[in-house]
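Heads up: the structure comes next, in structure tokens.
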Amino acid sequence: MVRTMTEGIVNRFLSSAKAEMLQKNETEIRCPCRRCKLKSLIADPDSGQVRDHLLLRGFMDGYRWQGDEDDYEVVHGGRARNEEGQQDNHRGSGGREDEESPGHDHDGDAVHSHHVEDVVHDDEEDQDEGHDHEDEDAGADDDGGWVQDPHIQELLLKQTDNARAAAREKAKLDQLEIDAVTPLYEGCRPEDTRLKVTLMALEMKVKHKMTDACFDENMSFWHERLPKGNKCPTSLEEAKKIVCPLDLPHVKYHVCMNNCIIYRDEHAESTICPVCGVTRYKKRKKAPRKVVWYFPITPRLQRYFADPKVAKLLRWHADREEKKREDDANDPEINKKDKMLSHPKDASQWQALNFEYPEFGKDPRNIVLGASTDGVNPFGSQRSTHSTWPVFVWMYNLPPWLCMKRKYIHMSMLIEGPKQPGNDINLYLGLLKEELDTLWKTPANTWDAAEKEYFPMRAALLTTVHDYLGYGYLAGQVVHGFSGCVRCMDDTTYRQLDRDPGSSKTVFMGHRRWLRDDDPWRKRKDLFDGETEPRRRPRTRSGEEIDELLKNWKDCPLPGKKQKAPEPGKKRKLKAPEPLLKVWKTRSVFWDLPYWKIHRVPHSLDVMHITKNVCESLLGTLLNMPERTKDGPKARADLKSMGIR
């Protein structure tokens, strides 16, 4: 946690930094706060930018400047300590052994330049991984000792149904321990073990998108060049065998090709869908027509807590609140610039969740999740009609600059194509809902490596993020037609434009209802549709009201594209039921979560898609781009019919 900075400490640093800048004939200084970490160059030291950064965030861990002997204990809470825990006065700014004793005068330029070099180099190495260097020392273990940790072994040892399979899994884990201490070849560096090199090679394969053949050829090349008898894997298959105990569990389910049912529980042994009557397997093959892969999120979350560094980061939102309270108590003026919404913890939805369920909010280690899904074409342009839908989950507990890093985003589900699930996506999301419900009602006993204790880990889904069409699928709402506004719902103001010579589009002209009552645009007839807007914003339906409506909806459609063939003499009823209040097409499976009805914004729109579409349309119209412009004969006829032009 960052300690409170005082004006005196910051002033002494600025004086030293300016003197050093003039001495070295430079025009800029580097900001040593915990966020900039000497990577930001400030041209004017007197501009107040560095001062504000240091007062708000404090100095980065281990940073020292010339003449800071009296301030180091205040800034970092104690003298620098060596590996034995004793005070170490022989370490310089970069944490290295200085050649001179502390009684000698050190060269301030050398100390500062070495520190800048070390920190910038380390930050460049870990930039893609999303590591924060203020927690770098926690959990840093490059010698493979983490494999012998009994808590890690407990996570890695897979649960089996019989003794033979259990013995096989134990043998794999024992071999992993051996590979963690086996040198790559005789005489290599101690840290270059067979396991570590294999993990680094697989990481490079993913980072640089190597094909399997490229990886095999690359590993064979290095195996031949390294000294004889080396333990370097020669193929991808061998590398996977080495790291197989580290695999995360996954489950493969067969699904009806019409998205009617998932073949599990009471349908696990069925070969024909009881809803539509379509066979489970392809003709003359024992291959399923459609599958879905589910990757449980609980083991992944538990592994995050097994790393002391990440376990500490998962408490960042609570440490930040404590830091804010300390700053407000000491000097209310410091935190004036930090009153804006800068993290989901500041939002009312998270606070309402903690208020309604205080047991959940009492422990900051409980995970608050977000989810998102969208269709992708894994075959590129070779087959434009294929649509596969992955479902991703991430943790909002992390700092905002880390929670969207690839390292902390987990794919929880992969829905196979070739057709998109559409409104039937709730059939698949039921798998995620069941695990979330289990984590909420029956917490998972999890080892916290930072606190060195077990704790009951719970998890809650805060919101889902997607584009407008995805919003309609996940929320089960109508996102087109006369009730296409997801906020106004059944009180949507719409207008159907003339067909000829107009565009015959449905437009929504009630956006002025959301303005303040005294806004002058409410009375501007000439800029809109020739009418004033005296109405107020539509009434917002609460989560409890929507939940009650959907629970009592008797004609709520079931998953599936079509129903089973009717009995002889009866007609097939293929027409979909009318949407409830012309708003809801189906009931989202997330309404079964006990806390979902208290969310004010259970589903969120991705700003990226909205910004992109609006920007393209605006620039295309201004630049009169033939394929992008919205200005045409029909658009001008629409403006004329509405009385705007």
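Tabulated data
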read-out	value
Single unsatisfied condition, Gly530 versus (1) surrounded by fewer than 18 Cβ atoms within 10 Å (Cβ to Cβ); (2) more than 30 Å from Lys362 (Cβ to Cβ); (3) in contact (Cβ under 8 Å) with a residue 60 or more places away in the chain; (4) touching a Leu at 6+ places or on another chain (Cβ under 7 Å)	(4)
Selection from the stretch 475-491 of residues that are open to solvent by less than 80 Å² (accessible area, probe 1.4 Å) and either outside any loop (DSSP other than H, G, I, E, B) or over 30 Å from Thr464 (Cα atoms) (or both)	Ala475, Gln477, Gly481, Ser483, Met489, Asp490, Asp491
Residue in the stretch 424-432 that is touching a residue at least 60 places away in the same chain (Cβ under 8 Å) and surrounded by fewer than 17 Cβ atoms within 10 Å (Cβ to Cβ) present	yes
Residues that are assigned to a loop (DSSP other than H, G, I, E, B) and either at pLDDT below 70 or exposed (fewer than 15 other Cβ atoms within 10 Å of the Cβ) (or both), drawn from the stretch 321-347	Asp331, Pro332, Glu333, Lys339, Met340, Leu341, Ser342
Candidate set: the stretch 198-213, residues that are farther than 24 Å from Glu186 by Cα and touching a helix residue (DSSP H, G or I) at 6+ places or on another chain (Cβ under 8 Å); chosen: the one surrounded by the fewest Cβ atoms within 10 Å (Cβ to Cβ)	Asp212
Ser235, sole failed condition from (1) of a type outside the set (A, V, I, L, M); (2) within 16 Å of Met204 (Cβ to Cβ); (3) open to solvent by less than 40 Å² (accessible area, probe 1.4 Å); (4) free of Cβ contacts under 8 Å to residues at least 12 places away in the same chain	(4)
Subset of the stretch 513-563 (residues that are basic (Lys, Arg), in contact with an Asp or Glu (Cβ under 9 Å, 6 or more places away or on another chain) and assigned to a helix (DSSP H, G or I))	Arg513, Arg522, Lys523
The stretch 162-215, residues that are in contact (Cβ under 8 Å) with a residue 60 or more places away in the chain and in contact with a Cys (Cβ under 7 Å, 6 or more places away or on another chain)	Lys172
The stretch 592-610, subset within 20 Å of the chain's Cα centre (by Cα) and in a helix (DSSP H, G or I), residue modelled with the highest pLDDT	Trp596
Pair list, Cβ under 6 Å, 6 or more apart: the stretch 37-57 residue closer than 11 Å to Asn11 by Cα, other residue open to solvent by 70 Å² or more (accessible area, probe 1.4 Å) and of a type in the set (Val, Ile, Thr)	none
Some residue of the stretch 418-429 being part of a loop (DSSP other than H, G, I, E, B), modelled with pLDDT under 95 and among the basic types (Lys, Arg)	yes
Ala459 open to solvent by less than 10 Å² (accessible area, probe 1.4 Å) and within 18 Å of Pro299 (Cβ to Cβ)	yes
Filter result for Leu623 (open to solvent by 60 Å² or more (accessible area, probe 1.4 Å) and at pLDDT 90 or above)	yes
Only listed residue being under 19 Å from Ile610 (Cα atoms), among the aromatic types (Phe, Trp, Tyr) and surrounded by fewer than 21 Cβ atoms within 10 Å (Cβ to Cβ), chosen from Tyr494, Tyr454, Tyr471	Tyr471
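The values are calculated or read from the model by the stated rules, or taken from the named source; none is laboratory data. Keep in mind that this is a model prediction, so the values were computed, not measured. Here the Cβ is made from the backbone with ideal geometry for all residues, glycine too, and neighbour counts use every protein chain on show. When the accessible area is computed, the model is the full protein with side chains, heavy atoms only, and any ligands, DNA or RNA have been set aside. Shrake-Rupley method; radii C 1.70, N 1.55, O 1.52, S 1.80 Å.
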